[in-house]
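*Asks:* Please see the structure below; I have some questions.
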Amino acid sequence: MKKEIMERFITYAKMDTQSDASKDATPSTPGQFDLANLLVQELREMGMTDVAVDGFGYVMATLPANTDGDIPTIGFLAHLDTATDFTGKNVQPQITENYDGKDIVLNKGENIILSTTDFPELSQYKGHTVITTDGTTLLGADNKAGIAEIMTAMHYLITHPEIKHGKIRVAFTPDEEIGRGPHKFDVERFDATYAYTVDGGPLGELQYESFNAAQARVTFKGNSVHPGTAKNKMVNAGKMAAAFINEIPNEEAPEYTEGYEGFYHLSSITGDVENAELIYIIRDFDKAKFQERKDVMQKIAEKLQSKYGTEAVNLELRDQYYNMREKIEPVKEIVDIAYDAMQNLNIEPIIKPIRGGTDGSQLSYMGLPTPNIFTGGENFHGKFEYVSVDNMMKASKTIIEICKLFAQRY
């Protein structure tokens, strides 16, 4: 299993599949189609059935049941794209066998070091096989580790028919990193009762709570006049934007929050005297507090409108996804099965909320309850991203164990 999962992951990681929010197409980048087509080929070669990729890059396949019984069809999903925060072009994975627990030099020429001082959790991986970047790109373990783990688990079940399981569906989706993963996902065609995204981080993560999420786009219209003759004429859009920012509670930002605390995050700012724009993301686990945060945005916009005019300030609020806990709690047995699967493998489950979103957040509201399980990766979305191969194998074994437990309990 180790050789297979490493080879799969490295092959996938080297493919440039970064999504692009500026593109309207699905998938937003052609590299995602390249990976989708490769996965279709591999799924067919290993013996999966109903293998297909649609015109939007969604890959689906079936592993038929090998036992009788009224066992729910379960699905496993991972996403094809990698994050837009840092370049994913020309990824060169580096393998450190039997990691010694010390700093890892990613790029000697550029003096880029994965430091145990900056990342003390590295010490937990002593003795593991660790895959890192070369310090110039992200790695893409989010979510190509998940893809490799699902593929390896399916291949293992096919080659070990003595392991009894019900019907299993797998899917690989585009554009998760830009929030569009499930937008064109055909839940009816997928035809699963429950599913799991394999999109978490360190060993043991098991998540069935996510943020409620919205995006706020605030635009400001000013009036540019030569500064020498600007008195009583100039209206500075950049200063309006600054005034809006100053009204947001500073301590309620990502860099000051954790656990169940929500936040406002200024993700983009552009502008000049004539025009300015702010992009915020708003996050909270509690639905009432989520609404309160959106109301705060609205009140700030109205305050500035009263000073500068209604045409000068425009706020657009768009909900993105909701806390999947509401849809998963009524079928909490699917979380319990994943919990028991990990314990059976001597993995300590870590139930914690996702301070972000996965495809499961939206899929759960589309009628497919979908909690999230770990991949074994750390430091996603940047040059210090890495993944433990040992824990990737444990993720694959967790998938296999979940399939076994469904067959045993239904």
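*Asks:* Carbon and sulfur: what percent of the chain's accessible surface (1.4 Å probe)? Don't jump to the answer; show the numbers that get you there.
*Replies:* Details: 8360 of 17860 Å².
Percent of accessible area from carbon and sulfur atoms in the chain: 47.
*Asks:* So I have (1) 84, 51, 48; (2) 83, 52, 38; (3) 69, 45, 35, and one of them is Cα extents along the principal axes in Å calculated from this model. Which one is it?
*Replies:* Recomputing Cα extents along the principal axes in Å here picks out (2).
*Asks:* Alpha carbon centre of the range 283-314 versus the range 337-390: separation in Å?
*Replies:* The two parts, judged by their Cα centres, are 33 Å apart.
*Asks:* How would you classify the range 1-60 from its alpha-carbon gyration tensor, with a ≥ b ≥ c the square roots of the eigenvalues: rounded for a/c under 1.5, else prolate if a/b is greater than b/c, otherwise oblate?
*Replies:* Here the range 1-60 falls in the oblate category.
*Asks:* Please give the length that would be gained between Glu7 and Asp319 if that part of the chain were fully extended, namely 0.36 nm times their separation in residues minus their C-alpha to C-alpha distance (nm, one decimal).
*Replies:* 108.4 nm
*Asks:* Under the rule of at least 5 residues apart or a separate chain, name every residue whose amide H is placed under 5 Å from the amide H of Asn236.
*Replies:* Excluding prolines and chain starts, which carry no amide H, the hits are Asn223.
*Asks:* Set Lys and Arg Cβ to +1 and Asp and Glu Cβ to -1, take the dipole of the chain about its Cα centre, and tell me which of Tyr208, Ile279, Asn66 lies farthest positive.
*Replies:* Toward the positive end, the furthest listed residue is Ile279.
*Asks:* Specify which residue in the list Pro182, Thr310, Met234 is farthest towards the positive end of the charge dipole of the range 168-314, using unit charges on the beta carbon of Lys, Arg (+1) and Asp, Glu (-1), about the Cα centre.
*Replies:* The Cα lying farthest towards the positive end belongs to Met234.
*Asks:* I've got another one for you. Classify the range 34-134 as rounded, prolate or oblate, taking a ≥ b ≥ c as the square roots of the eigenvalues of its Cα gyration tensor: rounded when a/c is under 1.5, otherwise prolate if a/b is larger than b/c and oblate if not.
*Replies:* Prolate shape, in that a/c is at least 1.5 and a/b is the bigger ratio.
*Asks:* Kindly sort Lys294, Lys233 by accessible area of their heavy atoms, largest first, with the probe set to 1.4 Å.
*Replies:* The residues order as Lys233, Lys294, largest area first.
*Asks:* Then there is this: From the square roots a ≥ b ≥ c of the eigenvalues of the alpha-carbon gyration tensor of the range 109-154, which class results: rounded (a/c under 1.5), prolate (a/b over b/c), or oblate? Spell out each step's value before the answer.
*Replies:* Working: a/c = 2.88, a/b = 1.57, b/c = 1.84.
In terms of gyration-tensor shape, oblate.
*Asks:* Let me ask something additional. Give the span of the range 261-363's Cα atoms along each principal axis, as three whole-Å numbers ordered largest to smallest.
*Replies:* 62, 25, 22
*Asks:* Using 0.36 nm per residue of separation minus the Cα-Cα distance, give me the extension gain between Asp272 and Ile95 in nm, one decimal.
*Replies:* Between Asp272 and Ile95, full extension yields an extra 59.1 nm.
*Asks:* Something else now. Evaluate the charge dipole of the range 344-410 about its Cα centre and quote only its size in Debye, nearest 20, assuming +1 on the Cβ of each Lys and Arg and -1 on the Cβ of each Asp and Glu.
*Replies:* Charge dipole, the range 344-410, about its Cα centre: 140 debye, nearest 20.
*Asks:* Sticking with this one: Could you list the GluC sites (Glu not before Pro) in the range 178-253 that lie in coil according to DSSP, counting only those with at most 15 other Cβ atoms within 10 Å of their Cβ?
*Replies:* Here the GluC sites (Glu not before Pro) that fit, given the DSSP loop and packing criteria, are Glu251.
*Asks:* What is the magnitude of the charge dipole of the range 168-216 about its Cα centre, with +1 placed on the Cβ of each Lys and Arg, -1 on the Cβ of each Asp and Glu, and no other charges, expressed in debye to the nearest 20?
*Replies:* Value, rounded to 20: 120 debye.
*Asks:* Also, quick follow-up: What is the packing order of peptides 51-63, 280-292, 351-363, taking the mean over residues of other C-beta atoms within 10 Å and listing the highest first?
*Replies:* 351-363, 51-63, 280-292
*Asks:* Would you mind calculating the gained length between Glu258 and Lys14 on full extension (0.36 nm times residue separation, minus the Cα-Cα distance), in nm to one decimal?
*Replies:* 84.6 nm
*Asks:* Among bridges DSSP assigns within the chain, what percent are antiparallel (round to 5)? Kindly include the intermediate steps, with their values, before the conclusion.
*Replies:* Numbers: 48 of 64 bridges.
The antiparallel proportion sits near 75 percent.
*Asks:* Same structure again: Could you size up the charge dipole of the chain around its Cα centre, putting +1 on the beta carbon of Lys and Arg and -1 on that of Asp and Glu, and report it in debye to the nearest 20? It would help to have the intermediate numbers written out before the result.
*Replies:* Values: 41 positive and 61 negative charges, 123 e Å.
The dipole of the chain has a size of about 580 debye.
The values are calculated or read from the model by the stated rules, or taken from the named source; none is laboratory data. Bear in mind the structure is a predicted one, so any value in this text is a computation, not a measurement. Cβ atoms come from the backbone with ideal geometry, glycine included; neighbour counts cover every protein chain shown. Just the protein is used for accessible areas: all its heavy atoms, side chains included, with ligands, DNA and RNA removed. Shrake-Rupley method; radii C 1.70, N 1.55, O 1.52, S 1.80 Å.
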